[in-house]
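To start, the structure under review is shown below, and the notes come after it.
The values are calculated or read from the model by the stated rules, or taken from the named source; none is laboratory data. Computed from a prediction, not measured in an experiment: that's the story for all the values here. Neighbour counts run over all protein chains shown; Cβ positions are idealised from the backbone, glycine included. The area values use the complete protein model at the heavy-atom level, side chains included, leaving out ligands, DNA and RNA. Shrake-Rupley method; radii C 1.70, N 1.55, O 1.52, S 1.80 Å.
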Amino acid sequence: MGDVVQMHFSTLDYVIFAMLLVASAGIGLFYALSGGRQKTTQEFLLADRSMSCLPVSLSLLATFQSAVAILGAPSEIYAHGTQYWFLGCSYFLGLLIPAHIFIPVFYRLRLASAYQYLELRFNKTVRICGTVTFIFQMVIYMGVVLYAPALALNAVTGLNLWGAVFAMGLVCTLYTTLGGLKAVIWTDVFQTIVMFAGQLAVIVVGAHQAGGVAEVWRRAQNGSRISGLELNPDPLERHTFWTLAVGGIFLMLALYGVNQAQVQRYLSSRTEKEAIMSCYVVFPCQQIVLALGCLMGLVMFARYGEDSPLDKGYVQSNDQMVLYFVMDVLQDLPGLPGLFVACLFSGALSTISSAFNSLATVTMEDLIKPHFPTMTEARATLLSKGLALSYGLVCLAMAYIASLMGSVLQAAISIFGMVGGPLLGLFCLGMFFPWANSAGALAGLGAGLVMAFWIGIGSFMSRMQTPQFNTTAMLSMGNTTTAAMTTLVASFTTKPSAHNSATVIVVGLVVSLLTGPWKEKELTPGTVYPVLGTLLFFLPEHYREKLCCVTPLENKSKALGRQPYRMAEKEINDVAHTPHEDAKREDELDEKTSQPSCKLVHIEQETAL
């Protein structure tokens, strides 16, 4: 690497970076010492279900707008053009479906963990499998999210690598442990503003130096970086409209529909309506974030064209080039490089704080409380804080392990994308197909994970064997780490999530039909969304009843509000039977109560906060 690549921060830059950490820690201390002082699990894990729409929506946005994405999107645009921008087309359905299907189901069941749903719908084994899969996914991901941007910064600016890692990790652990979900959400709001400001500063200054926005666009067009609508149906193409706009919907559903970090934010809302509105507010914010990333890539191309610092050997990957570009553009403006670094680390902090909090929640609610139903509230709250602290330390350990991974890191960072698809398929299997049983759910999840890792690891191994990978990506640790960011941006988007989700559903339905499908009246009420009943509206009611798709979700909501986890048997029959069966209902109730396979018996102490 050339000497010119080492661009150092001014004192003002360090001050701005430090202010980000101090402000984030201050928010955590404020919520630790105000309000209910985080003395109940309801307040610590769910913010007392008191959050309004705006902070929840900005927190939803920040949770997966990590430093990896902030660096990855511009480098993707610089190298391959604006085709990636069509991912924004998937945001409409990707947020509309969670708003009107997943949120009503989760919110009306009054859950604390998304995986409690799996026990209500299937059984405890499925719940534990889902929980363990999520923990595995997030533990690996949060270490990489913390380490990768720090390594890129170290390579370009000489910023102390482990100083940055430990500063972020410890500050994040502090405010998450002390302030609970309220602190996490409000720091996300603050960090989102910093992210917008940092990216906007780079774009405005960079575009001005290039001669204006029109000149940036002209140079991008001349360099063939402005992509048209690519309708090629070939699924092996890197990016097409279909893989981005259609496959991206599955990515959005995996992130905004069933991921615990996001579900927890929906459940912290004051009302179901506010939770739904938060999805609507996220939509334009997501479009702005995508536009900022793409515009930064175009401004970067306008500055360097095809003669990039990467080709000159100043940096070793596209992602390092984003940081090189930022330092190059802002070097004569003290404070602004520090603002972008604050932007970058805001992305990392918002992601890992959400990981700590969601991991503490699922561990407490799904793995500990069911075995200790008589645990006092004070002890449960203290244990939840201990779990958040423990996961913070685990994150630092995972960052260290990431530093030792070398080329394997590219596979590790892809695990987040691999696991998201099967988990989405598992929730969809339970929510949309009433006849799916627990054996089908377990078989489907297993098949989906096997398929995901087969495709993901196989793809990684094939890249390892190509000459291009061996001569470039294996040059150094820094290169493989930051190159993995671009891989993440490309691999998250599409085909794997859709394919793996479909595998879970197909295998789950086949196994369920072979082992004895369940009937809708045997299920916990409120756990199935009647999407099939809506799609098959043209069929006579008795046919739809045989297909288990006649019970509207709305008919159950009032009873669910009274008693979330157990509903009177008679009310189920009232909504699950047609009028001409009135005379038989009492006999059926007695017969159904005696069936050991009935899924309606749940112990409230195991699932309620």
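Quick one: in the stretch 129-235, what % of C-alpha pairs are over 20 Å apart? Spell out each step's value before the answer.
On the way: 3834 of 5671 pairs.
The calculated P(r) of the stretch 129-235 puts 68 percent of pairs beyond 20 Å.
Sort 131-144, 184-197 for me by packing, meaning the mean count of neighbouring Cβ atoms within 10 Å per residue, highest on top. Show your work: numbers first, answer last.
Values: 131-144: 21.9, 184-197: 23.5.
Descending packing order for the listed peptides: 184-197, 131-144.
Give me the accessible area per residue for the stretch 211-356, probe 1.4 Å, as a whole number in Å².
Per residue, the stretch 211-356 has an accessible area of 35 Å².
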#### Entry: Percent carbon-and-sulfur accessible area, the stretch 120-192, ignoring ligands, DNA and RNA, probe 1.4 Å
78
#### Entry: Within the accessible area of the stretch 267-361 (1.4 Å probe), percent carbon and sulfur
58
### Query
What does the charge dipole of the stretch 179-248 about its Cα centre add up to, to the nearest 20 debye, if the Cβ of each Lys and Arg holds +1 and the Cβ of each Asp and Glu holds -1?
200
### Query
Using θ = phi - 60° and the Karplus curve 6.51 cos²θ - 1.76 cosθ + 1.60, what whole-Hz ³J(HN,Hα) does each residue of the stretch 448-458 get, with Gly and Pro shown as x?
x, 5, 4, 4, 4, 6, 4, 5, x, 5, x
### Task
Round to the nearest 10 and report in Å² the accessible area of T527, as given by a 1.4 Å probe over the protein chains' heavy atoms.
0
#### Entry: Links that overshoot a 23 Å alpha carbon limit, given the list K39/K182; K273/K385; K182/K385; K124/K182; K369/K521
K273/K385; K124/K182; K369/K521
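Treating the beta-carbon of each Lys and Arg as +1 and of each Asp and Glu as -1, no other charges, what is the dipole magnitude of the stretch 55-208 about its Cα centre, to the nearest 20 debye?
Values: 6 positive and 3 negative charges, 117 e Å.
Result for the stretch 55-208 is approximately 560 debye, rounded to the nearest 20.
Enter the accessible area per residue of the stretch 1-123 (Å², integer; probe 1.4 Å; all protein chains in place).
With all protein chains present, the stretch 1-123 gives 32 Å² per residue.
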